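Undergrad: Have a look at the structure that comes next, please.
Please treat every number below as a calculation from the coordinates, not as lab data. This is a predicted model, so every value here is computed, not measured. Cβ placement follows ideal geometry from the backbone for every residue including glycine, while neighbour counts extend to all protein chains displayed.
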Amino acid sequence: MATGRTSAQFIAALRNREELIGYWSLLDSPIAAERLARVGYDYLAFDAQHGLFGYQ
């Protein structure tokens, strides 16, 4: 997994069809999001429709 990519590097990797590894999260915890961000995934996706997110 890549770590420390800038937005431009991520976009370039995406356009070059490089393998990117991401994480799909259903959690509504900011602490969990911060910890996942430090693991080194290329991207994080937060599913606010099907996950545990509330409307508050």
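Undergrad: Scale the Cα Rg of the stretch 7-46 by the rule-of-thumb value 2.2 N^0.38 Å and send over the ratio, two decimals.
TA: Numbers: Rg = 11.4 Å, N = 40, 2.2 N^0.38 = 8.9 Å.
Against the empirical 2.2 N^0.38 Å value, I get 1.28 for the stretch 7-46.
Undergrad: Taking the Cβ of Ile11 as the centre, find all other residues whose Cβ is under 14 Å away and add up their charges (Lys, Arg: +1; Asp, Glu: -1).
TA: Values: positive: Arg5, Arg15, Arg17; negative: Glu18, Asp42.
Combined, the nearby Lys, Arg, Asp and Glu give +1.
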